[in-house]
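The values are calculated or read from the model by the stated rules, or taken from the named source; none is laboratory data. Computed from a prediction, not measured in an experiment: that's the story for all the values here. Cβ atoms come from the backbone with ideal geometry, glycine included; neighbour counts cover every protein chain shown. In case anyone asks, the SASA skips ligands and DNA or RNA and just uses the protein heavy atoms, side chains included. Shrake-Rupley method; radii C 1.70, N 1.55, O 1.52, S 1.80 Å.
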Amino acid sequence: MKKQPTTSTQYVIAIYSEDKKGLLGQVLILFNKMNYEVNGLNVSRTDISDIVLITIEALVPEAGLATLLRKLEKIVEVYRAKAFMPGETGLEKVGFFRLSKEIFSASFWALVQKYGAVVSSISEDALVIRKFGSDRNLQEFYGQLDGPHLLGFCKSGLIAEESLLSMEHFEYA
């Protein structure tokens, strides 16, 4: 019997867990088994000793979201898993744009100011511009810079700041 295609939605999933070897592999195996596309992944330490925040951007069918969160929380090291819609949390990424110095002009600096970007570093032959924003916002700025002077671009993954938990959410044995 052929499986009916399902519509997936982009979610940001925040996972709080103990910092143990192999955990990230277990989490990604779960996404692979469920055939969910992972578009972004970030792991960061928290101020709570031995607790990490794993932030995953993934395409997940709405009907499968609750099951995914339950399965994530069944992993021994995971304390909590929570999902957000990308627009609901006001999350931002940081984009880095490496540009040749030949781009310097009054209109370039006006563009940098218009988009709220800042110079991150300057070398002999290039400069790096840093900009915080949504995927759409970063893509728009990229479109303005695209051309022979754009030497490189990369952007970070998301960190779900609205999911930050206080100590009472964790129970230690």
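Observations, loosely collected:
- Index of the failed condition, residue 57 passing every other in (1) within 16 Å of the chain's Cα centre (by Cα); (2) under 28 Å from residue 32 (Cα atoms); (3) open to solvent by less than 50 Å² (accessible area, probe 1.4 Å); (4) without any contact (Cβ under 8 Å) to a residue 60 or more places away in the chain: (4)
- Residue 47 meets all of the listed conditions (1) of a type in the set (D, E, K, R); (2) assigned to a loop (DSSP other than H, G, I, E, B); (3) open to solvent by less than 40 Å² (accessible area, probe 1.4 Å) but one, namely (3).
- The number of residues in the stretch 95-124 that are touching a strand residue (DSSP E or B) at 6+ places or on another chain (Cβ under 7 Å) and either at pLDDT below 90 or closer than 15 Å to residue 147 by Cα (or both) comes to 5.
- Output for the stretch 69-88, where each listed residue is aromatic (Phe, Trp, Tyr) and more than 13 Å from residue 16 (Cβ to Cβ): 84
- Filtering the stretch 82-133 to residues that are assigned to a loop (DSSP other than H, G, I, E, B), open to solvent by less than 50 Å² (accessible area, probe 1.4 Å), free of Cβ contacts under 8 Å to residues at least 24 places away in the same chain and not polar (S, T, N, Q) leaves nothing.
- Of all the criteria given as (1) more than 27 Å from residue 134 (Cα to Cα); (2) in a helix (DSSP H, G or I), the one not satisfied by residue 32 is (1).
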